[in-house]
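Novice: Pasting a structure below so you can have a look.
The values are calculated or read from the model by the stated rules, or taken from the named source; none is laboratory data. Quick caveat: nothing in here was measured; it's all calculated off a predicted structure. So basically every Cβ, Gly included, is an ideal-geometry build from the backbone, and we count neighbours across all protein chains shown.
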Amino acid sequence: MPMLPSSTNPLLLPVFGCSIYGLYLSYKNITRLQRYESQTKTAAEWSETVAEQLRTTQTTQGAAAVTVCFHLIPYPAPMPSTTHE
């Protein structure tokens, strides 16, 4: 029986939905971080702890967004075997 391409596999629809939701959450968090970025940078000038937390948060949110986008890229399904035993 031939395999369906992964982009049409109905079992992947929940995974796709979760990825879209994760991308939505990353977008909301990144825009919220940008809203307070100038205040946080001012506080980071006075506190090394705040500066480190700011870098960690920015890195985490950016990595999450990139990871979710990467998982939304369809990958080719494995080709069915043509060898007969």
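Novice: Quick check on my filter: what residues within region 36-85 are at pLDDT below 70 and either in contact with a Cys (Cβ under 7 Å, 6 or more places away or on another chain) or among the β-branched types (V, I, T) (or both)?
Specialist: If the condition is that a residue be at pLDDT below 70 and either in contact with a Cys (Cβ under 7 Å, 6 or more places away or on another chain) or among the β-branched types (V, I, T) (or both), then T82, T83 are the ones that fit.
Novice: Determine which single condition C18 fails, assuming it passes every other condition in (1) modelled with pLDDT under 85; (2) surrounded by 14 or more Cβ atoms within 10 Å (Cβ to Cβ).
Specialist: Status for C18: all satisfied but (2).
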